[in-house]
Amino acid sequence: MEWIKNIVYFIAFCFGWVCAYTKVSQEVITILVVLMIFDSLTGYIKVAVLGGSPSSTKLGIGVVSKALLLLIPFTLALVAKGVGIELNGLATGTLATLVISEGISVITNIYIIRTGKDIKEFDIVSAMLLRIRKALLAMAQKS
């Protein structure tokens, strides 16, 4: 169990370093992480309410998937630093989109838990990822 704690500390150190180096807002990252935790917990409860079978494996996969989302703004900020261009606005916009997406997901999960009625969620993150990919490809073709 000690190794897990050391891995968590290392990841936190890396995120802190990247935030400081790229000037990505630590406050927004903290808010995003808290919303991701809320979303994971309410999603787990939602599955049970809808009659599914929640499992620790599914929860673990969901948490890892959400953690990977944190790499998006950091990757954009590091790409910007690496090629000497200004992408901090894109990284900030990406963070804002992720925060809004997680907020919508938490509220949707709570609605489903309270009503027992499933509703379809719009996948804002996938749409955003496609736009970012297209923007980076366009930049690569120009250089």
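Restricting to the range 117-135, name every residue that is in a helix (DSSP H, G or I) and either of a type in the set (Asp, Glu) or without any contact (Cβ under 8 Å) to a residue 12 or more places away in the chain (or both). Step through it out loud before you land on a result.
Applying the first criterion (in a helix (DSSP H, G or I)) to the range 117-135 yields 124-135.
Correct list: Ser126, Ala127, Leu130, Arg131, Arg133, Lys134.
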(request) For the range 31-43, indicate whether the set of residues that are surrounded by 15 or more Cβ atoms within 10 Å (Cβ to Cβ), assigned to a helix (DSSP H, G or I) and among the polar types (S, T, N, Q) is non-empty. (result) yes
(message) Can you report the number of residues in the range 109-137 which are over 12 Å from Ile45 (Cα atoms) and of a type in the set (Ser, Thr, Tyr)?
(response) 2
(message) If I ask for residues that are of a type in the set (Lys, Arg) and surrounded by 10 or more Cβ atoms within 10 Å (Cβ to Cβ), which ones from the range 1-24 would you list?
(response) Lys23
(message) When you check Leu78 against the structure, is it in contact (Cβ under 8 Å) with a residue 12 or more places away in the chain and surrounded by 18 or more Cβ atoms within 10 Å (Cβ to Cβ), yes or no?
(response) no
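Restricting to the range 64-74, what's the tally of residues that are crowded, with 16+ Cβ neighbours inside 10 Å and either without any contact (Cβ under 8 Å) to a residue 24 or more places away in the chain or part of a helix (DSSP H, G or I) (or both)?
Here the count works out to 5.
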(request) Take the range 44-63 and flag every residue that is assigned to a helix (DSSP H, G or I) and among the hydrophobic types (A, V, I, L, M, F, W, C). (result) Ile45, Val47, Ala48, Val49, Leu59, Ile61, Val63
(request) Only residues that are within 21 Å of Ile31 (Cβ to Cβ), free of Cβ contacts under 8 Å to residues at least 12 places away in the same chain and either in contact with an Asp or Glu (Cβ under 7 Å, 6 or more places away or on another chain) or loosely packed, with under 11 Cβ neighbours inside 10 Å (or both): list them for the range 82-116, please. (result) Gly89
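Values quoted throughout were computed directly from the atomic coordinates according to the rules given, and no laboratory measurement underlies them. What you are looking at is a predicted structure, and each value in this text was computed from that prediction instead of being measured. Please note: Cβ atoms are built from the backbone with ideal geometry, for glycine as well, and neighbour counts cover all protein chains shown.
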